[in-house]
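The values are calculated or read from the model by the stated rules, or taken from the named source; none is laboratory data. Every value quoted in this text rests on a predicted model; they were computed, and no experiment measured them. Methodologically, a virtual Cβ is constructed for each residue, glycine included, from the backbone with ideal geometry; neighbour enumeration extends over all protein chains shown.
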Amino acid sequence: MKEKRSIFTNNEIPLKDFEKAGLNVGNIPGGILTSLMQGEISQIVEIRPELKSGRKEALPVKLRLTRDKENKVKLMAYPIHRDIVNNLKLNEQEQQRLREGDTIRKEIRNGQYSRQMFIQLDKETHCLMMRDERTINLDKRMDELEHVRDITLGQNQRQAIREGKPVELEIGDTKVTVGVELSQNSGFKAIEGDLQEWKRKQQIAWDIATPGAMGYWQTEENRWEYKQTLEKYKYKDERKDSQQEERKSERKIKP
């Protein structure tokens, strides 16, 4: 496969967006910044945006650089939620498929137009990732795979990949799994290993970064602590909702 390259230039980095999030681009570990510059979703980091009250609050999010309709680069943040953020109004069966790690291919209407989209779930933030299937150009990706790996994909394998299903291949003594992966800028990924390895690597490959530089990093050494952090913020989110409901009830019973 082709070597990953940056799709944004240093001059395009939206410094004001990072400043609003309480981040200094110069302090971001190189591995994280490289992923952002390649159009990929980052691991979870802690930002400190300034609230209307002037107070700054720590918020764990995943980040991604993208372009708006005017082709300007902007910084997107995906906060942690305790359940799927169902802004696409998916039915319960579709949501369950996403929870199980499946990719959904679905026609999504946007204004006057409809597009066939691939949809995946980021299991840590519970945010939906969506992409127009035409922008991935799967047939081209599969042709490149055949050329680099010196293999020939069968029609059933090609059709399964077009439908968003990961496909396990045997190349000599090595197993390789390929398929749609929306956390990647290309929208396509090939990994060494079988389908179980594919599911395991659906989670971000965490870099061992400089401790304390920013946010949280998951490594084999701090995996338990990382999971506790996620649970803490999910609980915090849940408790905030409960407190809001209590305040509403109090307002209702006031004479």
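Values as computed for the structure displayed
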quantity: Failed criterion for residue 92 (all others in (1) over 15 Å from the mean Cα position of the chain (by Cα); (2) modelled with pLDDT of 90 or more; (3) surrounded by 12 or more Cβ atoms within 10 Å (Cβ to Cβ) hold); calculated: (3)
quantity: Residue under evaluation residue 164, criteria (1) outside any loop (DSSP other than H, G, I, E, B); (2) at positive phi, criterion not met; calculated: (1)
quantity: Residues of the stretch 109-124 classified as buried (at least 16 other Cβ atoms within 10 Å of the Cβ) and more than 15 Å from the chain's Cα centre (by Cα), total; calculated: 1
quantity: The lone exception for residue 19 - which of (1) closer than 15 Å to residue 78 by Cβ; (2) among the acidic types (Asp, Glu); (3) part of a helix (DSSP H, G or I) it fails; calculated: (1)
quantity: Criterion (among the aliphatic types (A, V, I, L, M), more than 20 Å from residue 102 (Cα to Cα) and either assigned to a strand (DSSP E or B) or modelled with pLDDT under 90 (or both)) met by exactly one of 190, 205, 209; calculated: 209
quantity: Counted residues, the stretch 46-74 - those being surrounded by 10 or more Cβ atoms within 10 Å (Cβ to Cβ), in a loop (DSSP other than H, G, I, E, B) and either small (Gly, Ala, Ser) or touching a Ser or Thr at 6+ places or on another chain (Cβ under 8 Å) (or both); calculated: 1
quantity: So residue 182, is it within 26 Å of residue 42 (Cβ to Cβ) and either at pLDDT 85 or above or among the polar types (S, T, N, Q) (or both); calculated: yes
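To keep it simple, each residue is scored yes or no on (1) outside any strand (DSSP E or B); (2) free of Cβ contacts under 8 Å to residues at least 24 places away in the same chain; (3) touching an Asp or Glu at 6+ places or on another chain (Cβ under 9 Å).
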| position | (1), (2), (3) |
| --- | --- |
| 105 | no, no, yes |
| 109 | no, yes, no |
| 114 | no, yes, yes |
| 119 | no, no, yes |
| 125 | yes, no, no |
| 128 | no, no, yes |
| 131 | no, no, no |
| 141 | yes, no, no |
